[in-house]
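Right, one structure below, let's go through it.
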Amino acid sequence: MRNVAILGATGSIGASALDVIARHPQRFRVSALAAHRKVDELVALCARFQPDLAVIADSAFEPALRSKLVNAGLHTRVASGEQGLREATTSGDTVVAAIVGAAGLDSTLTAARAGKRVLLANKEAVVMAGALLLDALKAGGGQLIPIDSEHNAIFQCLPAGRPDLARAGVRRVLLTASGGPFRGRTRAELAAITPEQACAHPNWNMGRKISVDSATLMNKGLEVIEAHWLFGAAPEQIDVVVHRESIVHSLVEYLDGSVLAQLGNPDMRTALAHALAWPERIDAGVAPLDLMQIAQLNFEAPDRQTFRCLDLAYHALAAGGTAPTILNAANEIAVGAFLERTLPFLAISELIESTLAAMPSVAVDSIETLVHADLTAREAAQRIIRRAFC
């Protein structure tokens, strides 16, 4: 019986994880649930899954959570803030790290140091602190299994564990991208894009921030940096290919000419079921893939001139140090401003580029260095917005 803590329980990934867990009550038990501010949803999940601990990340909502749990007749313990998230990571043997953005960094590192099986959906934690995360995993003796569809696909196509790519005979890894809702459009056609349009992903049901990242291709840029740290792939070994059907989730090309791919319907439950039960396989509740119905799979190169965020991510990876942290922080500020309608869609990449230019990269020697770079980049990005767009 695996005891699972889900950080980001009220999001789309949390919902998918809980669906898989509910299908296998003899294998998995929910030990902790954590959410940001959605008290009512968290209480409902506690009533269904009976965790030992419920955590609300925003401490201002702790009294409301405690009161509603009592009124519901539930005996779930309550905690909040960063300390509460740390408690959640130590409550079981498996942690689903699905808190969006830099906010998930501390809890992910805590889970790694504690020797847990970390099911990683928070790509920003790897982008910001890849080296520190790998050090934490080594020190804690735990496991890291990616659960975003692309990196989970690569994990499945490689020999067991995280092998040395050269010894495994790997030439390159290919991350597939759906192209988002604006594939094929020109920059001129993107000038008046609204948040509603950007969040209408054609294949996946995702949160608003991740949906916008998909629309700009920044999601794929962050995944390039993530692949570098997760699999030890050099930047020149990581390619991106647009595959609008989202059936092939990623591929690994070997030196002998073989290319292994992982295919499946676009449903996060496949990767979650794989990671929860690994190295075994269990039913995820996902419909079988019908290749005869699909009939055709298409692939094309990404449009890097229109969607400039992908190249910005490659540049940040090449620069190293705190550059990926600056990239991520500027992107979070830019996406937030776009969703609030204070920044045009095309200005997202412009703001990120300006922030990278304004802040020199420095070596990463501690979490404090990363936190300082993250906060400073956010302040710089906000100044640029005020100066150029307000």
Next item on the list: Neighbouring Cβ atoms within 10 Å as the yardstick, rank VAL224, VAL96 fewest first.
Entry: VAL224, VAL96
Next item on the list: In a Gaussian network model over the chain where Cα atoms closer than 10 Å are linked, find which of LEU297, LEU165, LEU230 has the largest mean-square fluctuation.
Entry: LEU297
Next item on the list: Looking at segment 154-294, send over the antiparallel percent of its DSSP beta bridges, to the nearest 5.
Entry: 65 percent
Notebook entry, point to check: If amide H atoms are built 1.01 Å from N in the plane of the peptide, which residues on other chains or at least 5 residues away come under 5 Å of the amide H of GLN262?
Noted result: HIS249, SER250
Notebook entry, point to check: For the pair ASN298 and MET1, how long in nm is the line joining their label points, each one 7 Å along Cα→Cβ?
Noted result: 5.0 nm
Margin query: Going by Cα centres, segment 56-81 and segment 288-354 are how many Å apart?
Written below: 37 Å
Checklist line | Estimated vicinal HN-Hα couplings, Hz - segment 356-369 in sequence order (Karplus 6.51, -1.76, 1.60; Gly, Pro = x) | finding: 4, 5, 7, 10, x, 6, 10, 5, 9, 10, 6, 5, 5, 4
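For TYR254 and ALA357 in one chain, what is 0.36 nm times their gap in residues minus the Cα-Cα distance, to one decimal in nm?
33.4 nm
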Item checked: Dipole of the chain, positive direction: furthest Cα of SER349, ILE282, LEU134, with charges on the beta-carbon -> ILE282
Next item on the list: Please report, in debye to the nearest 20, how large the charge dipole of segment 318-390 is about its Cα centre when each Lys and Arg carries +1 at its beta carbon and each Asp and Glu carries -1 there.
Entry: 300 debye
Check: Once you sort the root eigenvalues of the Cα gyration tensor of segment 38-95 as a ≥ b ≥ c, which label holds: rounded (a/c under 1.5), prolate (a/b larger than b/c) or oblate (the other case)?
Finding: oblate
Check: Which residue fluctuates the most in the chain, going by a Gaussian network model with Cα springs under 10 Å, if the choices are THR108, THR322, THR186?
Finding: THR186
Note to self: Under a Cβ-only charge scheme (Lys and Arg +1, Asp and Glu -1), can you give me the dipole magnitude of segment 1-156 about the Cα centre, in debye to the nearest 20?
What the structure shows: 440 debye
Next item on the list: Of the DSSP beta bridges with both residues in the chain, give the percent that are antiparallel, rounding to the nearest 5.
Entry: 25 percent
Notebook entry, point to check: Taking 0.36 nm per residue of separation and subtracting the Cα-Cα distance, what length does fully extending ALA191 through LYS138 add?
Noted result: 14.5 nm
Checklist line | From phi via Karplus (6.51, -1.76, 1.60), per-residue ³J(HN,Hα) for segment 126-134 in Hz, x at Gly/Pro | finding: 6, 4, 6, 9, x, 5, 5, 5, 5
Notebook entry, point to check: For labels at GLU280 and SER12 in the simple 7 Å Cα→Cβ model, what's the distance in nm?
Noted result: 3.0 nm
Notebook entry, point to check: Given only helices, namely DSSP H runs of n ≥ 4 each adding -39500 (n - 2.57), what is the per-residue ellipticity at 222 nm of the chain, to the nearest 500 deg cm²/dmol?
Noted result: -14500 deg cm²/dmol
Checklist line | Gyration tensor verdict on the chain (Cα atoms; rounded if a/c is under 1.5, prolate if a/b is larger than b/c, oblate otherwise) | finding: rounded
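Could you calculate the FRET efficiency of ARG387 with HIS315 from 1/(1 + (r/R0)^6), where r is the beta carbon distance between them and R0 is 25 Å, rounded to 0.05?
Step by step, r from the Cβ atoms, then E = 0.65.
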Note to self: Using Cβ contacts closer than 10 Å as the measure, can you line up GLU350, GLU236, GLU62 from fewest to most?
What the structure shows: GLU236, GLU350, GLU62
Checklist line | Fluctuation leader among VAL55, VAL362, VAL95 - the chain, Gaussian network, Cα springs under 10 angstrom | finding: VAL362
Notebook entry, point to check: Dipole size in debye (nearest 20) for segment 221-321 around its Cα centre, Lys and Arg Cβ +1, Asp and Glu Cβ -1?
Noted result: 200 debye
Note to self: Once you place label points 7 Å from the Cα toward the Cβ at ALA200 and GLU379, how far apart are they in nm?
What the structure shows: 4.1 nm
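Throughout, read-outs are computed from the coordinates displayed, never taken from laboratory work. All values reported here derive from a predicted model rather than from experimental measurement. Using ideal geometry, Cβ is built from the backbone for each residue, glycine included, and neighbour counts are taken over all protein chains shown.
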